[in-house]
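Beneath this line is the structure, given in structure tokens, with notes to follow.
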């Protein structure tokens, strides 16, 4: 496969512009000072990924080089970032993603093809695959006996009652209070979790008035609940509590 591009080299970065407006890849030898809020960043240390960011550079001190991906206009950057986390896992990295997005099969094919196109270039910049390690992420088991339990959330001004009805169905009851504004990163911009939370709220904008949920809604995961209510920032399994004060985590974790 041949990809046409033009390039530019300085003592701080290497810029690659793909032909036909197919995006851009920039390899930085030091932390960039200007950050586009639609750019995707891979943070590298000795050619291995130590972090990923979208529209921000949090924990940049862990890295000694950076790769910026500017996607073409036909690709939604936020959606591609989510799919990219899955691709990064496939080359051996443990990426903890605390939210879930529904991506159409058509979009997935476009994203995967774009990833196949840019991966050789990223590898030319030194990106390494790593040996896959067994995930130690906690697993939780759905219990039918808990489907009638009203789990309460009271976190950072957000209050809600939630029922876990099915494995992938949580009902957030009307009357829930949503945190009004997403937190900002150190750079003063909205991070990816905040952007995804706002996107999720747009899907349910008719059920929200003045940051109050006026109708019951169904969400697919505990992390989606946290993103919707308070833009994550915590382990939401620990925020859902039964009338007896037990967390959903301790009631359902697989030991």
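Bear in mind that the values in this text are calculations on the coordinates, not laboratory data. Small disclaimer: the values here were computed from a predicted structure and weren't measured. Ideal geometry is used to build each Cβ from the backbone, glycine not excepted, and the neighbour counts take in all protein chains shown.
Could you work out the relative contact order of the range 1-96? I mean the mean sequence separation of Cα pairs under 8 Å and 6+ apart, divided by the number of residues, in percent.
That works out to 24 percent.
Set the Förster radius R0 to 22 Å, insert the Cβ-Cβ distance between residue 116 and residue 38 as r into 1/(1 + (r/R0)^6), and round the FRET efficiency to 0.05.
After rounding to 0.05, the efficiency reads 0.50.
Have a look at 239, 94, 112 and tell me which one the Gaussian network model of the chain (Cα, springs below 10 Å) gives the largest fluctuation.
In this elastic network of the chain, the residue with the biggest mean-square fluctuation among 239, 94, 112 is 112.
Using the count of nearby Cβ atoms within 10 Å as a rough guide to exposure, how do 234, 10, 177 rank from fewest to most?
Fewest to most other Cβ atoms nearby, the residues stand as 10, 234, 177.
For the chain, what does the helix formula give at 222 nm: sum of -39500 (n - 2.57) over DSSP H segments with n ≥ 4, over the residue count, nearest 500 deg cm²/dmol?
-7500 deg cm²/dmol
If I fit a long axis through the Cα atoms of helix 192-203 and take the longest principal axis of the Cα atoms of the chain, what angle between them do I get, 0 to 90°, rounded to 10?
Roughly 60 degrees between the two axes.
According to a simple spin-label model (label point 7 Å from Cα along Cα-to-Cβ), what is the distance in nm between residue 91 and residue 29?
It is 2.2 nm.
Taking other Cβ within 10 Å of each residue's Cβ, how do 209, 24 sort, fewest first?
Placing the least packed residue first, the sequence is 209, 24.
Against the longest alpha carbon principal axis of the chain, how many degrees, from 0 to 90 and to the nearest 10, is the axis of helix 105-124 turned?
For 105-124 against the chain, the angle is about 40 degrees.
For 5, 54, which order do you get if you count the other beta carbons within 10 Å of each Cβ and list the fewest first? Write down the numbers at each step before the final one.
Numbers: 5 15, 54 22.
In increasing order of surrounding Cβ atoms, one gets 5, 54.
Please work out which option in [x] -0.35, -0.81, -1.39; [y] -0.32, -0.66, -1.15; [z] -0.38, -0.80, -1.21 gives log10 I(q)/I(0) by the Debye sum over Cα atoms at q = 0.08, 0.12, 0.16 Å⁻¹ calculated from these coordinates, and answer with its label.
Answer by label: [z].
Taking the Kirkwood radius as the inverse of the mean 1/r across Cα pairs, report the Rg/Rh of the range 5-124.
Numbers: Rg = 13.8 Å, Rh = 14.8 Å.
My calculation of the ratio gives 0.93.
Tell me the relative contact order for the chain as a rounded percent, counting alpha carbon contacts under 8 Å between residues six or more apart.
So the answer I get is 15 percent.
What number, in percent, do you get for the relative contact order of the range 144-252 if the mean sequence gap of Cα pairs under 8 Å and at least 6 apart is divided by its residue count?
Relative CO of the range 144-252 lands at 29 percent.
Find the centroid of the Cα atoms in the range 16-81 and in the range 194-213, then give the distance between the two in whole Å.
What the calculation gives is 28 Å, centre to centre.
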